[in-house]
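K.L.:
Sharing a structure with you now.
The values are calculated or read from the model by the stated rules, or taken from the named source; none is laboratory data. Keep in mind the model is a prediction, meaning the values are calculated, not measured. Neighbour counts are summed over all protein chains in view; Cβ atoms, including those assigned to glycine, are modelled from backbone coordinates with ideal geometry.
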Amino acid sequence: MHKFSTFFLFLLASIGGRNSHLLAQKNTRQPVDWVNPLVDAANSRWFFFNSATRPFGMVNLSPDNAIDADWNAGYRYEKDSIKCFSHIHCWQLSGIPVLPTTGEFKGHLGSNQYGSRYSHAMEVIRAGYHKVVLDAYGITAELTSTTRVGFHKYTFPKSDLSHILFDFSTFLGPSDTQKGHVKKVSDQELEGYAIMAPTVRRPKTLTVFFAATFDKPFESFRGWRNGKLEEISNEIDGERTGVYVSFKTQAGEVRKMKVAISYVSTEQARLNLNTELPHWDFDHTVQESRTDWNNWLSRIEIEGGTETECSRFYTDLWHALQGRRIVSDVNGKYSDMTGPQQRIGQIPLDAQGKPKYTHHNSDSFWGAQWTINTLWHLVYPEVTESFVNSIVMMYQDGGLIPRGPAGGNYTYVMTGAATTPFIVSAYLKGIKGFDIAKAYEGLRKNHFPGGMMSKAGYEHNTFKGGGIEYYIERGYVPHPLSKTRYGFHQDGSTQTLEYAYQDYTLAQMAKKLGKNDDYALFMKRAENYKKIWNPEIGWMWNRTLDGKWAEPVDILRYDNGWEEGNAAQFTWFVPHDVQGLIKLMGGREAFTNKLNSSFETAKKHDFVSGKSHDKETLEELRRVFLNYGNQPSIQTAFLFNYSGAPWLTQYWSRQVVEKVYSGISPKYGYSGDEDQGLMGSLSVLMKTGIFSTNGGTSAKPFYEISSPIFNKITIHLNPAYYKGKQFVIDAKNNSTQNLYIQSAQLNGKTLNQPWMTHETVVNGGTLTLQMGAEPNKSWGSQAKDAPESMSSK
């Protein structure tokens, strides 16, 4: 991401003088100071919680209160003990657990024995920093990091037996540790690797290489195997192994350790260490991390709002910039696992010898059209460009554009060609620093048999669960498709809706590239959502292999043709043709009433299926019309803009923010699955009052307007991509009660429609909203004012 540093220099030059006045009404706190990593930490998924990490950092160093689970593992706020500190908290990736201890060594007995109780009262957590006291040992541990190096600072008590252990017999997060290898290089350095076992999602092993250095010599190097201490010389290798270094300490003695990782080799890990962290100044690294985060978060300035609202906003933005981790080394080398054997790849270098982009690990882009498509493309276009290059590079390596790569593997997570809208939206918004011809080639392949539309979730070895052949022949994917479950998420009706939307998006790119036959083909396929509209029940519904409507009808039944949702939620999933859906429902008034009724019902359960994922899994809580704790229906509040009732978009979007994405409690916050920045991004967008139902995939991308919760939002635009310096949303007379738009001006001219083009926004300017306590039902309500849909052309 070589364009980052150039932009940051610009940013600091342009707003540096204002940084000290940012949020002046709340003293001199900067955006980074508002971040609260503890939000929803009681319900952490393995990769959710972050403390000692950088934006998209390869290293995500933090305590693990629970292990041996994908969900319910990692840092869990309500657990009273720490098992270890591990360096990787990433979707399907984990590795390198360590812990300082004192007294008789117990590391070989497992983390339930060697772990330590701790207290939140003695804990400090900030963006890029974590401090905690291990009560069992009287050790104060402080953690920070660079992008690829974890930096530890341990303050020990007086002890003749102080240790630091590396446990390669631990089941971390999603996977067990298959084996470990550690070599003593000197009395101040270790190196080695851990082989993490495959998972149902990541089908191949993952090797994590590391290089660890200590600021002071250790006195001994020992190990264990299968729960028993073992005499070793300078090396240990095998299953259920671990090592520890020992030394004497005085009261208050500080010992520091740096641990760099690589997915390529120990030599590469050492290169990462020496390049990113050549010194031992811990406090300096903490400050660098703080500055790094503040630069990123300062892209969006907010004014107004309560302290809690400001804290939650920047916490949401912080989540939007982390989960999809960097997996390439500082010199651009990376591990390609798309073939039968590991291959070491090299990212192209620029004129200065720096990698042109970074390679990434990522959960699916399922739901990205309503989240990072808008936030990243607008505010962090260089991030988008890096990700697109990473995705296209994987196509060149393995023959398919991924929808969620893990450890260099294809995972086939979720369904459809979920990456298509992400790349198409980037291209249509002018982000074109990638091989466009190669990208289109790979995207097109995914829309036919043999591509991603052939595979259901985690379908590693066949190309049947996607039902693309039925979709091409009949216009829909039947459910059930067959008696055989080829993969997870084999839900034909959801697949039908996804494919139709994704076909529309690819059609727009085809047209721009002059591929007119492809444009006509994909636009025709984009109408296939109509094939599962059941006019007798007034909802989308399943069609069986024989072409009949499935019975019995139960629109609230979870899954059953609907991926992580139900028919009531997925009926609204026509992002590219809301006007077409309005016609199917009998017109604007009928559409508005039906959707409003769904919101009125959903309000009774706070628009979610429980306040945490473990509640969301309960069958009785899944029978809901809308769920803002997961992706399938998170666009719904904005659909009123299309049906002539933008005041309802303003009202319901505010209600959702208040009930689902407010507060800074560790006990709740995202009400389900935050999913590597997707829900953090959604929350940011809803609070700034801009959204994009079709994910920015129309020929001229646009943003829909709703009700911002802040008085003023300033988006600082990256000049390497957009010529406007900044875009301001100025909500006058704004308050909790004054949530309705009375009138609007865009760059001084009256705006009577609830949307504006991407081109206008990135050229810079101001959207001024006059807010009031009563809805202005005439603003933006005419049919001609509605945002564009496929059927409105």
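K.L.:
Checking L143 against (1) in contact (Cβ under 8 Å) with a residue 40 or more places away in the chain; (2) of a type in the set (A, V, I, L, M, F, W, C); (3) not in a strand (DSSP E or B), which single condition isn't satisfied?
P.N.:
(3)
K.L.:
Sticking with this one: List the number of the failed condition for N734; all other conditions in (1) within 24 Å of the chain's Cα centre (by Cα); (2) assigned to a loop (DSSP other than H, G, I, E, B) hold.
P.N.:
The number of the failed condition is (1).
K.L.:
So, in the range 335-355, exactly how many residues are over 18 Å from Q268 (Cβ atoms) and of a type in the set (D, E, K, R)?
P.N.:
Qualifying residue count, the range 335-355: 1.
K.L.:
Consider A550 carefully, then state whether it is farther than 24 Å from G367 by Cα, surrounded by 18 or more Cβ atoms within 10 Å (Cβ to Cβ) and assigned by TED's automatic domain parsing to the domain that holds S609.
P.N.:
On the way: farther than 24 Å from G367 by Cα: yes; surrounded by 18 or more Cβ atoms within 10 Å (Cβ to Cβ): yes; assigned by TED's automatic domain parsing to the domain that holds S609: yes.
Considered against the rule, which asks whether it is farther than 24 Å from G367 by Cα, surrounded by 18 or more Cβ atoms within 10 Å (Cβ to Cβ) and assigned by TED's automatic domain parsing to the domain that holds S609, A550 comes out as yes.
K.L.:
OK, next. Any idea which residue in the range 378-416 is farthest from H447 (Cα to Cα), counting only those that are assigned to a loop (DSSP other than H, G, I, E, B) and within 15 Å of the chain's Cα centre (by Cα)?
P.N.:
Out of the qualifying residues, it is Y380.
K.L.:
Using the structure shown, decide if Q495 is at pLDDT 95 or above, among the polar types (S, T, N, Q) and closer than 23 Å to K455 by Cβ. Working first, answer last.
P.N.:
On the way: at pLDDT 95 or above: yes; among the polar types (S, T, N, Q): yes; closer than 23 Å to K455 by Cβ: yes.
Here the answer is yes, as Q495 does meet what is asked.
K.L.:
Quick check on my filter: what residues within the range 84-104 are surrounded by fewer than 23 Cβ atoms within 10 Å (Cβ to Cβ) and assigned to a loop (DSSP other than H, G, I, E, B)?
P.N.:
Within the range 84-104, G103, E104 qualify.
K.L.:
Please state which one of D329, D350, D363 is over 24 Å from T494 (Cβ atoms) and buried (at least 24 other Cβ atoms within 10 Å of the Cβ). Let's see the steps before the verdict.
P.N.:
On the way: D350 fails: buried (at least 24 other Cβ atoms within 10 Å of the Cβ); D363 fails: over 24 Å from T494 (Cβ atoms).
None of the other options fit; the residue is D329.
K.L.:
Being touching a Leu at 6+ places or on another chain (Cβ under 8 Å) and of a type in the set (G, A, S), is that true of even one residue in the range 237-249?
P.N.:
Yes, the range 237-249 contains a residue that is touching a Leu at 6+ places or on another chain (Cβ under 8 Å) and of a type in the set (G, A, S).
K.L.:
If you don't mind, another one. Any residue at all in the range 196-207 that is touching a helix residue (DSSP H, G or I) at 6+ places or on another chain (Cβ under 9 Å) and either of a type in the set (D, E) or on the phi < 0 side of the Ramachandran plot (or both)?
P.N.:
Just the residues of the range 196-207 that are touching a helix residue (DSSP H, G or I) at 6+ places or on another chain (Cβ under 9 Å), to begin with: none.
The answer is no, given that none of the residues of the range 196-207 is touching a helix residue (DSSP H, G or I) at 6+ places or on another chain (Cβ under 9 Å) and either of a type in the set (D, E) or on the phi < 0 side of the Ramachandran plot (or both).
K.L.:
Of all residues in the range 544-569, which are without any contact (Cβ under 8 Å) to a residue 24 or more places away in the chain and part of a loop (DSSP other than H, G, I, E, B)? Can you show your working first?
P.N.:
Looking only at the range 544-569, we keep the residues that are without any contact (Cβ under 8 Å) to a residue 24 or more places away in the chain, and these are 546, 548-549, 551-555.
Passing the criteria: D546, K548, E551, P552, V553, D554, I555.
K.L.:
Condition test on E759, is it of a type in the set (D, E, K, R), surrounded by 14 or more Cβ atoms within 10 Å (Cβ to Cβ) and part of a helix (DSSP H, G or I)?
P.N.:
Numbers: of a type in the set (D, E, K, R): yes; surrounded by 14 or more Cβ atoms within 10 Å (Cβ to Cβ): yes; part of a helix (DSSP H, G or I): yes.
Against the criterion (of a type in the set (D, E, K, R), surrounded by 14 or more Cβ atoms within 10 Å (Cβ to Cβ) and part of a helix (DSSP H, G or I)), E759 qualifies.
K.L.:
In addition: If you go through the range 644-661 one residue at a time, do you hit one that is at positive phi, of a type in the set (G, A, S), modelled with pLDDT of 95 or more and surrounded by 24 or more Cβ atoms within 10 Å (Cβ to Cβ)?
P.N.:
No; the residues of the range 644-661 include none that is at positive phi, of a type in the set (G, A, S), modelled with pLDDT of 95 or more and surrounded by 24 or more Cβ atoms within 10 Å (Cβ to Cβ).
K.L.:
Determine whether E498 is surrounded by fewer than 18 Cβ atoms within 10 Å (Cβ to Cβ), assigned by TED's automatic domain parsing to the domain that holds M540 and outside any loop (DSSP other than H, G, I, E, B).
P.N.:
Against the criterion (surrounded by fewer than 18 Cβ atoms within 10 Å (Cβ to Cβ), assigned by TED's automatic domain parsing to the domain that holds M540 and outside any loop (DSSP other than H, G, I, E, B)), E498 does not qualify.
K.L.:
Okay, next question. Here's a check for you: in the range 649-687, which residue that is among the acidic types (D, E) and outside any helix (DSSP H, G or I) is farthest from T714 (Cα to Cα)?
P.N.:
Filtering the range 649-687 for residues among the acidic types (D, E) gives 658, 673-675.
Then drop every residue that is not outside any helix (DSSP H, G or I), which leaves 673-675.
Details: D673: 29, E674: 25, D675: 26 Å.
It comes out as D673.
K.L.:
Out of the range 432-484, which residues are of a type in the set (D, E, K, R) and within 16 Å of A510 (Cβ to Cβ)?
P.N.:
At the first step, the residues of the range 432-484 found to be of a type in the set (D, E, K, R) are 432, 435, 438, 441, 444-445, 455, 459, 464, 469, 473-474, 483.
Residues satisfying the conditions are K432, K438, E441, R444, K445.
K.L.:
Follow-up question, since we're still on this one. So, in the range 204-228, how many residues would count as being over 22 Å from E104 (Cβ atoms) and in a strand (DSSP E or B)?
P.N.:
Of the residues in that region, 8 qualify.
K.L.:
Suppose we filter M509, M453 for residues that are at pLDDT 95 or above and closer than 26 Å to T199 by Cα; which single one remains? Spell out how you get there, then give the answer.
P.N.:
Details: M509 fails: closer than 26 Å to T199 by Cα.
None of the others qualify; the one that does is M453.
K.L.:
In the range 229-241, which residue that is in contact with a Gly (Cβ under 7 Å, 6 or more places away or on another chain) and assigned to a strand (DSSP E or B) is surrounded by the most Cβ atoms within 10 Å (Cβ to Cβ)?
P.N.:
The qualifying residue surrounded by the most Cβ atoms within 10 Å (Cβ to Cβ) is T241.
The rows are residues; the columns are (1) at pLDDT 95 or above; (2) surrounded by fewer than 21 Cβ atoms within 10 Å (Cβ to Cβ); (3) in contact with a helix residue (DSSP H, G or I) (Cβ under 9 Å, 6 or more places away or on another chain).
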site: S119; (1), (2), (3): yes, yes, no
site: L134; (1), (2), (3): yes, no, no
site: A141; (1), (2), (3): yes, no, no
site: V149; (1), (2), (3): yes, no, yes
site: K153; (1), (2), (3): yes, yes, yes
site: S159; (1), (2), (3): yes, yes, no
site: T170; (1), (2), (3): no, no, yes
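K.L.:
Could you run through the range 617-660 and say how many residues are of a type in the set (F, W, Y) and under 17 Å from G367 (Cβ atoms)?
P.N.:
Here is the first cut: in the range 617-660, the ones of a type in the set (F, W, Y) are 625, 628, 638, 640, 642, 647, 651-652.
Remaining after also requiring under 17 Å from G367 (Cβ atoms): 628, 638.
Residues in the range 617-660 being of a type in the set (F, W, Y) and under 17 Å from G367 (Cβ atoms): 2 in total.
K.L.:
Kindly provide the set of residues from the range 278-308 that are buried (at least 20 other Cβ atoms within 10 Å of the Cβ), part of a helix (DSSP H, G or I) and acidic (D, E), ordered by number.
P.N.:
Selection gives D292 alone.
K.L.:
Does the range 590-603 include one or more residues that are in contact (Cβ under 8 Å) with a residue 60 or more places away in the chain and surrounded by 19 or more Cβ atoms within 10 Å (Cβ to Cβ)?
P.N.:
Residues of the range 590-603 that are in contact (Cβ under 8 Å) with a residue 60 or more places away in the chain, as a first pass: none.
Checked the range 590-603: no residue is in contact (Cβ under 8 Å) with a residue 60 or more places away in the chain and surrounded by 19 or more Cβ atoms within 10 Å (Cβ to Cβ).
K.L.:
Here is a follow-up. Check the range 242-253 and report whether any residue there is part of a strand (DSSP E or B), of a type in the set (G, A, S) and under 30 Å from W71 (Cβ atoms).
P.N.:
Yes, that holds for at least one residue.
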